[in-house]
Amino acid sequence: MGDVLKGVNRRGVLKGGAAVGGALAVPTIFTSNAWGYTNEPTGGSVTLGFNVPQTGPYADEGADELRAYELAVEHLNGGGDGGMLGTFSSKELGGNGILGKKVEYVTGDTQTKSDAARSSAKRMVEKDGAIMITGGSSSGVAVAVQAYCQEAGVIFMAGLTHSNDTTGKDKRANGFRHFFNSYMSGAALGPVLKNAYGSDRVAYHLTADYNWGWTTEESVKDFTEQQGWQTAAAVRTPLGAGDFSQYITPVLNSGADVLILNHYGKDMVNSLTQAVQFGLRDKQVNGKDFAIVVPLYSRLMAQGAGENVKGIYGSTNWHWSLQDEGSKAFVKSFGQKYGFPPSQAAHTCYVQAILYADACQRAGSFRPSAVGAALEGFSFDGLGNGPTEYRAEDHQCFKDVLVVKGKENPTSKFDVLEVVEVTPRAKVEYDASIFGGELGEFNDGA
Amino acid sequence: MSTATAAPVSKAIPQVGEPKATSKGDLMTLAIFIAVVLTAPIWAIPIGAGYPDLLQKFAIFGVFAIGFNILFGLTGYLSFGHAAFLGGGSYIAVWSFKLLGMNILPAVLFGTLFGGLFALAIGFVALRRSGIYFSILTLAFAQMSYNLAYSVLTPVTNGETGLRVLRDDPRIFDDKSGGYDGTLIGNLFGLEMTGYTAFYFCASVLIIAFYISQRIFRSPFGLMLRAIKNNQTRMKFTGLNTRPYALTAFVISGMYAGLAGSLMAVTDPLAGAERMQWTASGEVVLMTILGGTGTLLGPILGAVSIKYFENIFSAYNKSQLLDTFSFLPDSIAEPLVSVLGLFVGEGWHLTLGVLFMLIVIYLPGGLMEGARRVSAMLRKRKAEKTDASSGQTTPAE
């Protein structure tokens with residue numbers, strides 16, 4: 001190896017050192033002024049960044065999220081019928097953009113990979129000048145992008161993310177979540193499951209192997225065990241596995257009589273379909289009918305799984321069949337534009353976009369700390385979930401939780417879920433400190 | 001070693017389109033290279049690449065490809081497992097952040113070292129075979145590492161969620177006193193690795209990496225590696241044991257990959273298993289071949305073009321295409337967009353495939369061969385001109 005260094009002399013090293021030193025000094029040229037904030041909008045428009053999965057296991061949700069964002073932008077700019085702007089309890093938004101600036105947007109593909117998601121968020125912030133990042137359909141991605149937004153000094157309005165971590169141990173001051181979480185699902189499902197299946201059941205968990213799966217498994221386990229259930233085993237499955245047969249076969253021999261599928265998106269469609277094809281639901285174990293539970297349900301998934309979802313319990317953040325004014329207005333304008341009802345992913349993303357716009361309007365600025373302060377502790381109504389509050393301690397929205405069941409006699413291909421119970425907010429609330437983590441300070445960036 | 005892949009490029013080695021292997025020519029190349037790299041934030045603006053994240057990627061994947069080229073370009077050993085070193089380097093760097101603190105020097109150092117050690121272990125086994133068997137062995141090792149990182153070693157790698165730096169990590173050398181818990185951004189003695197600062201750090205590393213690769217190419221050791229590629233059997237007949245040389249090359253290129261992996265963690269303190277996937281290993285092979293195997297600048301050129309086209313084509317979507325072709329009547333625009341739509345967005349790999357096929361068929365020496373052909377053509381034209389005007393030939397340089 002000495003051969004390689006032939007020709008390297010002291011002078012050469014000194015020269016090289018000088019070059020490297022010079023190279024490191026160059027960036028000072030690019031240092032921007034300290035008084036502004038990241039991507040402060042100066043022209044007549046403001047750019048939002050929609051970071052959604054366009055490929056991978058959650059691509060269906062991502063496509064629906066993008067539709068909702070496009071609709072929200074249309075409404076914010078005064079187009080269409082205004083959707084939920086008409087029913088929203090805050091009347092600051094007048095259909096002339098945000099703070100008089102026309103709303104424009106850029107999109108990115110998270111691919112449901114933390115790496116790719118951060119990279120596309122970076123592109124939108126660094127290249128396209130996005131003032132806020134929103135979207136996503138995975139908690140792994142949400143936590144990664146939220147951490148990036150904190151560092152970059154932009155607001156992150158989480159899309160569909162259900163893990164306790166997002167506003168728990170991984171919470172950040174610049175991040176806000178409207179969607180509910182695993183804890184709330186568990187708290188709402190526990191009593192309903194007890195009423196439906198009794199209190200002497202043995203559960204077997206199949207869990208998507210990332211932070212959402214882990215916290216959902218933990219929460220559902222806690223709350224079902226509080227009802228007297230036992231847990232036979234909890235098995236982790238890789239995200240996007242496709243074939244779950246090797247995980248389903250052992251279930252029957254485990255002595256369990258309930259299978260809990262902590263899966264989402266295409267994973268849930270596949271695992272549920274395979275579990276039904278294996279005949280689990282026709283079995284009798286311990287003298288009881290075998291049951292399957294899906295803690296986080298969505299209409300898109302239920303549609304994907306077709307016949308198999310009939311009679312299966314789960315929880316959801318929102319469902320298009322709700323009859324409050326906000327939901328009706330949203331379903332109407334979404335349906336008029338796209339020809340089918342929105343999913344819960346679309347709903348939460350639409351609401352997040354509107355909430356962000358409204359907070360900017362109320363704060364009179366796009367500065368992240370000002371917008372964040374306007375969102376903290378903000379109580380509102382008319383956005384489809386009834387009275388809702390953005391809790392200041394962890395930037396988590398608190399509202400009623402829906403427990404749903406696969407409909408036995410669907411009237412259309414969209415009418416696959418029925419709401420069996422609305423669990424009031426008080427029953428799913430918890431102390432903000434139980435999951436650990438710290439918000440830290442708002443970061444306005446450069 | 002005479003694999004099918006190595007055969008066509010081996011011809012291109014002696015007459016690569018760069019200045020002759022004199023120390024003066026090398027210095028010129030290095031100087032031009034440094035100038036081009038450092039001015040990247042300026043010249044990349046018109047082509048829509050002038051933002052830190054993409055420029056950082058150019059530099060990082062440049063380092064990765066340079067290292068891969070030291071193995072593949074010089075010895076002809078085609079490794080399909082370099083992503084394992086890249087991912088390993090990332091994980092080690094993030095662990096260094098978590099345990100030691102956010103200073104990037106230990107992270108880069110340990111990442112590079114780990115890349116080397118890991119390569120030593122895998123190379124020791126894989127280099128017992130050559131040709132396709134070597135490729136398959138490296139692929140198998142990389143896939144094993146990927147699956148380990150993805151599900152088996154979850155406590156160490158955090159599986160699908162990815163390994164991140166948390167506020168309550170030990171970070172023993174970070175100043176966490178007085179309520180200040182430090183930012184979770186890598187820093188070089190206080191200089192935070194974000195935006196252009198991070199780019200210039202990666203660019204400096206790229207320049208050093210390039211310089212070392214240049215030294216290796218010109219050294220007797222490099223000559224020995226080329227000899228392994230041209231005829232390993234003959235080398236063995238002369239009584240020379242080639243394996244230590246090949247292993248050294250493998251370890252060096254593993255260190256480059258580990259370095260690139262740790263740089264990825266420096267610019268973004270996060271490591272995920274997908275960096276170890278076989279697609280990442282395949283990507284660096286494509287970069288090297290696309291740019292020009294066995295040339296000094298080729299792999300960097302390949303890395304830059306692949307990352308650039310990835311960025312351009314994958315960000316496009318159907319509605320943007322419809323906008324672009326809105327001037328055409330609907331009956332033409334719609335079928336056109338539905339065909340072109342296959343090549344953009346998630347289908348951009350199709351574009352890459354077509355591009356790759358064209359290059360391999362028409363320019364087996366990669367982009368560098370293209371550059372050489374163009375310059376040869378220009379030179380010829382110039383020579384003809386001077387011939388005609390003065391009737392006297394002057395050397396082109």
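The values are calculated or read from the model by the stated rules, or taken from the named source; none is laboratory data. The model shown is predicted, which means the values in this text are computed figures rather than measured ones. Glycine gets a Cβ as well: all are built from the backbone with ideal geometry, and neighbour counts include every protein chain shown. Areas reflect the complete protein model, heavy atoms only, side chains present, ligands, DNA and RNA absent. Shrake-Rupley method; radii C 1.70, N 1.55, O 1.52, S 1.80 Å.
Residue check: is B:Glu160 among the acidic types (Asp, Glu), within 14 Å of another protein chain (Cβ to nearest Cβ) and open to solvent by 60 Å² or more (accessible area, probe 1.4 Å)?
Values: among the acidic types (Asp, Glu): yes; within 14 Å of another protein chain (Cβ to nearest Cβ): yes; open to solvent by 60 Å² or more (accessible area, probe 1.4 Å): no.
Judged against the criteria, B:Glu160 is not a match.
Pick out the one residue from B:Leu328, B:Leu340, B:Leu321 that is within 30 Å of A:Cys149 (Cα to Cα) and at pLDDT below 85.
Step by step, each of B:Leu328, B:Leu340, B:Leu321 is checked, and only B:Leu321 is within 30 Å of A:Cys149 (Cα to Cα) and at pLDDT below 85.
Of all residues in the stretch A:300-315, which are open to solvent by 10 Å² or more (accessible area, probe 1.4 Å) and either closer than 19 Å to A:Ala208 by Cα or not assigned by TED's automatic domain parsing to the domain that holds A:Lys221 (or both)?
Answer for the stretch A:300-315, where residues must be open to solvent by 10 Å² or more (accessible area, probe 1.4 Å) and either closer than 19 Å to A:Ala208 by Cα or not assigned by TED's automatic domain parsing to the domain that holds A:Lys221 (or both): A:Leu300, A:Gly304, A:Tyr313.
Name the residue that is surrounded by the fewest Cβ atoms within 10 Å (Cβ to Cβ), counting only residues in the stretch B:73-83 that are of a type in the set (A, V, I, L, M, F, W, C) and within 14 Å of B:Ala126 (Cα to Cα).
Applying the first criterion (of a type in the set (A, V, I, L, M, F, W, C)) to the stretch B:73-83 yields B:74, B:78, B:80, B:83.
Now narrow it down to the ones that are within 14 Å of B:Ala126 (Cα to Cα): B:78, B:80.
On the way: B:Leu78: 23, B:Phe80: 21.
So the residue we want is B:Phe80.
Let me confirm something: among B:Ser281, B:Ser262, which residue is touching a His at 6+ places or on another chain (Cβ under 8 Å) and away from chain A (no Cβ under 14 Å)?
Details: B:Ser262 fails: touching a His at 6+ places or on another chain (Cβ under 8 Å).
Going through B:Ser281, B:Ser262 in turn, just one is touching a His at 6+ places or on another chain (Cβ under 8 Å) and away from chain A (no Cβ under 14 Å): B:Ser281.
Of the numbered conditions (1) away from chain A (no Cβ under 14 Å); (2) small (Gly, Ala, Ser); (3) open to solvent by 10 Å² or more (accessible area, probe 1.4 Å); (4) within 16 Å of the chain's Cα centre (by Cα), B:Gly239 fails exactly one; give the number of that condition.
Looking at each condition in turn, B:Gly239 falls short on (4).
With A:Ala329, A:Ala275, A:Ala345 as the choices, which residue is out of contact with any strand residue (DSSP E or B) (no Cβ under 8 Å at 6 or more places or on another chain), more than 22 Å from A:Thr423 (Cα to Cα) and either part of a helix (DSSP H, G or I) or outside the structural domain of A:Gly159 (by TED's automatic domain parsing) (or both)?
Working: A:Ala275 fails: out of contact with any strand residue (DSSP E or B) (no Cβ under 8 Å at 6 or more places or on another chain); A:Ala345 fails: more than 22 Å from A:Thr423 (Cα to Cα).
Matching residue, one of A:Ala329, A:Ala275, A:Ala345: A:Ala329.
Please determine whether any residue of the stretch A:54-72 is more than 28 Å from A:Ala142 (Cα to Cα) and modelled with pLDDT under 90.
Looking through the stretch A:54-72, none of the residues is more than 28 Å from A:Ala142 (Cα to Cα) and modelled with pLDDT under 90.
What are the residue pairs meeting all of these: first residue in the stretch B:354-376, first residue farther than 15 Å from B:Pro299 by Cα, second residue open to solvent by 50 Å² or more (accessible area, probe 1.4 Å) and assigned to a helix (DSSP H, G or I), Cβ atoms under 7 Å, and 6 or more apart or on different chains?
none
Read through the list (1) free of Cβ contacts under 8 Å to residues at least 12 places away in the same chain; (2) acidic (Asp, Glu); (3) more than 19 Å from A:Leu296 (Cα to Cα), then give the number of the only condition that A:Asp257 fails.
Only one criterion is unmet by A:Asp257, namely (1).
List every residue pair whose Cβ atoms sit under 6 Å apart, with the two residues 6 or more apart in sequence or on different chains, where the first one lies in the stretch B:197-209 and is over 12 Å from B:Gly62 (Cα atoms) and the second, anywhere, is hydrophobic (A, V, I, L, M, F, W, C) and surrounded by 22 or more Cβ atoms within 10 Å (Cβ to Cβ).
So the pair list comes out as B:Phe199/B:Leu55.
Given the criterion under 14 Å from the mean Cα position of the chain (by Cα) and within 27 Å of A:Ile248 (Cα to Cα), identify the matching residue among A:Asn181, A:Asn195.
Details: A:Asn195 fails: under 14 Å from the mean Cα position of the chain (by Cα).
After applying the criteria, what remains is A:Asn181.
Select the helices (runs of 4 or more DSSP H) contained entirely in the stretch B:76-149, then report the ones holding at least 1 residues which are without any contact (Cβ under 8 Å) to a residue 40 or more places away in the chain and not small (Gly, Ala, Ser).
Values: elements: B:82-100, B:104-126, B:131-147.
Because the criterion is at least 1 residues that are without any contact (Cβ under 8 Å) to a residue 40 or more places away in the chain and not small (Gly, Ala, Ser), the helices (runs of 4 or more DSSP H) in the stretch B:76-149 that meet it are B:104-126, B:131-147.
Could you say whether any residue in the stretch A:87-98 is over 19 Å from B:Tyr316 (Cβ atoms), open to solvent by 60 Å² or more (accessible area, probe 1.4 Å), among the acidic types (Asp, Glu) and outside the structural domain of A:Gly304 (by TED's automatic domain parsing)? Steps first, please.
Within the stretch A:87-98, the first condition is being over 19 Å from B:Tyr316 (Cβ atoms), and the residues that meet it are A:87-98.
Then drop every residue that is not open to solvent by 60 Å² or more (accessible area, probe 1.4 Å), which leaves A:89, A:91-92, A:94, A:96.
Applying the additional criterion that residues be among the acidic types (Asp, Glu) yields A:92.
Then keep just the ones that are outside the structural domain of A:Gly304 (by TED's automatic domain parsing); that gives A:92.
Looking for residues that are over 19 Å from B:Tyr316 (Cβ atoms), open to solvent by 60 Å² or more (accessible area, probe 1.4 Å), among the acidic types (Asp, Glu) and outside the structural domain of A:Gly304 (by TED's automatic domain parsing), one finds at least one in the stretch A:87-98, hence yes.
Given the criteria in contact (Cβ under 8 Å) with a residue 40 or more places away in the chain, more than 26 Å from A:Val403 (Cβ to Cβ) and more than 12 Å from chain B (Cβ to nearest Cβ), does A:Asn181 qualify? I'd like the intermediate steps shown before the answer.
On the way: in contact (Cβ under 8 Å) with a residue 40 or more places away in the chain: yes; more than 26 Å from A:Val403 (Cβ to Cβ): no; more than 12 Å from chain B (Cβ to nearest Cβ): yes.
It is false that A:Asn181 is in contact (Cβ under 8 Å) with a residue 40 or more places away in the chain, more than 26 Å from A:Val403 (Cβ to Cβ) and more than 12 Å from chain B (Cβ to nearest Cβ).
So which of A:Ala196, A:Ala173, A:Ala188, A:Ala144 ends up being in a helix (DSSP H, G or I) and within 13 Å of another protein chain (Cβ to nearest Cβ)? Explain how you work it out, then say what you get.
Details: A:Ala196 fails: within 13 Å of another protein chain (Cβ to nearest Cβ); A:Ala173 fails: in a helix (DSSP H, G or I); A:Ala188 fails: within 13 Å of another protein chain (Cβ to nearest Cβ).
Within the list A:Ala196, A:Ala173, A:Ala188, A:Ala144, the selection yields A:Ala144.
For the stretch B:207-231: of the residues being more than 11 Å from chain A (Cβ to nearest Cβ) and open to solvent by 10 Å² or more (accessible area, probe 1.4 Å), which is farthest from B:Ile34 (Cα to Cα)?
Among those residues, the one meeting the criterion is B:Asn231.
For residues in the stretch A:240-270 being of a type in the set (A, V, I, L, M) and farther than 12 Å from A:Leu206 by Cβ, which is surrounded by the fewest Cβ atoms within 10 Å (Cβ to Cβ)? Spell out how you get there, then give the answer.
Our first condition is that a residue be of a type in the set (A, V, I, L, M); within the stretch A:240-270, this holds for A:241, A:248, A:251-252, A:256, A:258-261, A:268-269.
Still in the list and also farther than 12 Å from A:Leu206 by Cβ: A:252, A:269.
Working: A:Leu252: 16, A:Val269: 22.
Filtering the stretch A:240-270 for residues that are of a type in the set (A, V, I, L, M) and farther than 12 Å from A:Leu206 by Cβ, the one surrounded by the fewest Cβ atoms within 10 Å (Cβ to Cβ) comes out as A:Leu252.
Under 8 Å by Cβ, and 6 or more places apart or on different chains, what pairs join a residue from the stretch B:232-251 that is within 13 Å of B:Gly222 (Cα to Cα) with one that is open to solvent by 30 Å² or more (accessible area, probe 1.4 Å) and outside any helix (DSSP H, G or I)?
Within 8 Å, the pairs are B:Thr248/A:Met1.
Exactly one condition in (1) modelled with pLDDT under 85; (2) away from chain A (no Cβ under 14 Å) is not met by B:Gly347; state its number.
With (1) modelled with pLDDT under 85; (2) away from chain A (no Cβ under 14 Å) applied to B:Gly347, the lone miss is (2).
Among what's in the stretch B:5-37 and is within 13 Å of chain A (Cβ to nearest Cβ) and modelled with pLDDT under 85, pick the residue that is surrounded by the most Cβ atoms within 10 Å (Cβ to Cβ).
So, considering only residues that are within 13 Å of chain A (Cβ to nearest Cβ) and modelled with pLDDT under 85, the one surrounded by the most Cβ atoms within 10 Å (Cβ to Cβ) is B:Ala21.
Wholly within the stretch A:350-446, which strands (runs of 3 or more DSSP E) include no fewer than the required count, namely at least 3 residues that are outside the structural domain of A:Phe88 (by TED's automatic domain parsing)? So that I can check it myself, show each step before the final result.
Values: elements: A:388-390, A:401-406, A:417-423.
Fully inside the stretch A:350-446 and qualifying: A:401-406, A:417-423.
Here's a check for you: in the stretch A:99-155, which residue that is among the basic types (Lys, Arg) and open to solvent by 10 Å² or more (accessible area, probe 1.4 Å) is nearest to A:Cys360 (Cα to Cα)? Quick ask: steps written out before the conclusion?
We begin by selecting, within the stretch A:99-155, every residue among the basic types (Lys, Arg); these are A:101-102, A:113, A:118, A:122-123, A:127.
When the remaining residues are screened for being open to solvent by 10 Å² or more (accessible area, probe 1.4 Å), the result is A:101-102, A:113, A:122-123, A:127.
Numbers: A:Lys101: 11, A:Lys102: 13, A:Lys113: 30, A:Lys122: 22, A:Arg123: 23, A:Lys127: 22 Å.
Looking at residues that are among the basic types (Lys, Arg) and open to solvent by 10 Å² or more (accessible area, probe 1.4 Å), I get A:Lys101.
Out of (1) buried (at least 22 other Cβ atoms within 10 Å of the Cβ); (2) at pLDDT 85 or above, the odd one out for B:Tyr150 is which?
Unmet for B:Tyr150, out of (1) buried (at least 22 other Cβ atoms within 10 Å of the Cβ); (2) at pLDDT 85 or above: (1).
How many of the residues making up the stretch A:98-111 are more than 9 Å from every other protein chain (Cβ to nearest Cβ) and among the hydroxyl-bearing types (Ser, Thr, Tyr)? Show your work before the answer.
Residues of the stretch A:98-111 that are more than 9 Å from every other protein chain (Cβ to nearest Cβ), as a first pass: A:98-105, A:110.
Restricting the remaining residues to those that are among the hydroxyl-bearing types (Ser, Thr, Tyr) gives A:105, A:110.
Total satisfying the criteria: 2.
From the list B:Tyr77, B:Tyr150, B:Tyr133, pick out the single residue that is more than 20 Å from the chain's Cα centre (by Cα) and more than 14 Å from chain A (Cβ to nearest Cβ). Let's see the steps before the verdict.
Details: B:Tyr77 fails: more than 20 Å from the chain's Cα centre (by Cα); B:Tyr150 fails: more than 14 Å from chain A (Cβ to nearest Cβ).
From the options B:Tyr77, B:Tyr150, B:Tyr133, the qualifying one is B:Tyr133.
Out of (1) at positive phi; (2) of a type outside the set (Val, Ile, Thr); (3) away from chain A (no Cβ under 14 Å), the odd one out for B:Phe189 is which?
(3)
Going by what's in this entry, would B:Phe199 be described as at the interface with another protein chain (Cβ under 10 Å from one of its Cβ atoms), open to solvent by less than 60 Å² (accessible area, probe 1.4 Å) and either of a type in the set (A, V, I, L, M, F, W, C) or in a helix (DSSP H, G or I) (or both)? Write out each step before concluding.
Values: at the interface with another protein chain (Cβ under 10 Å from one of its Cβ atoms): yes; open to solvent by less than 60 Å² (accessible area, probe 1.4 Å): yes; either of a type in the set (A, V, I, L, M, F, W, C) or in a helix (DSSP H, G or I) (or both): yes.
So B:Phe199 passes the test.
Go through the stretch B:38-60 and report how many residues are open to solvent by 20 Å² or more (accessible area, probe 1.4 Å) and either of a type in the set (Asp, Glu) or in a helix (DSSP H, G or I) (or both).
Looking only at the stretch B:38-60, we keep the residues that are open to solvent by 20 Å² or more (accessible area, probe 1.4 Å), and these are B:38-39, B:42-43, B:45-48, B:50, B:57.
So of that shortlist, the ones also either of a type in the set (Asp, Glu) or in a helix (DSSP H, G or I) (or both) come out as B:38, B:42-43, B:57.
Summing the residues that are open to solvent by 20 Å² or more (accessible area, probe 1.4 Å) and either of a type in the set (Asp, Glu) or in a helix (DSSP H, G or I) (or both) in the stretch B:38-60 gives 4.
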